1. Starting from residues that are of a type in the set (Ser, Thr, Tyr) and farther than 17 Å from Asp60 by Cα, keep the ones in segment 1-44 and report whichever is farthest from the chain's Cα centre (by Cα).
2. Examine segment 7-18 for a residue that is assigned to a loop (DSSP other than H, G, I, E, B) and among the aromatic types (Phe, Trp, Tyr), and state whether such a residue exists.
3. Just to verify a result, which residue in segment 27-63, among those that are of a type in the set (Ser, Thr, Tyr) and within 18 Å of Gln6 (Cβ to Cβ), is surrounded by the fewest Cβ atoms within 10 Å (Cβ to Cβ)?
4. Among the numbered criteria (1) part of a strand (DSSP E or B); (2) of a type in the set (Gly, Ala, Ser); (3) in contact (Cβ under 8 Å) with a residue 60 or more places away in the chain, which single criterion is violated by Gly68?
Amino acid sequence: MGKEIQAGTYRSEGKNKYGCYWARLSDTTGEGDAIIASSNAEGPAIVKVAAGDKAFQTTDCKPWKKIG
């Protein structure tokens, strides 16, 4: 189970061990069409989470910090 995340701009230093994946989601059904935007990051990553996003998924990324 995740935690609440506010709209804003977030930064991660990138991958932990295997690779950093993130996705902004319109719902939590797990269906592919729920993905608004996604990417894999080897190095630092910046993501803008919009107020209308329902979820933000992240796997094997270093901690995300709000920068804006």
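1. The extreme case among them is Thr29.
2. yes
3. In the first step, residues of segment 27-63 are kept if they are of a type in the set (Ser, Thr, Tyr); the result is 28-29, 38-39, 58-59.
From the residues that got through so far, the ones that are within 18 Å of Gln6 (Cβ to Cβ) too are 28, 58.
On the way: Thr28: 11, Thr58: 19.
Out of the qualifying residues, it is Thr28.
4. Here Gly68 meets the rest and fails (1).
Every read-out reported here was derived from the displayed coordinates using simple, explicitly stated rules and does not represent laboratory data. Keep in mind that this is a model prediction, so the values were computed, not measured. No Cβ is skipped: glycine too gets one built from the backbone with ideal geometry, and neighbour counts run over all protein chains shown.
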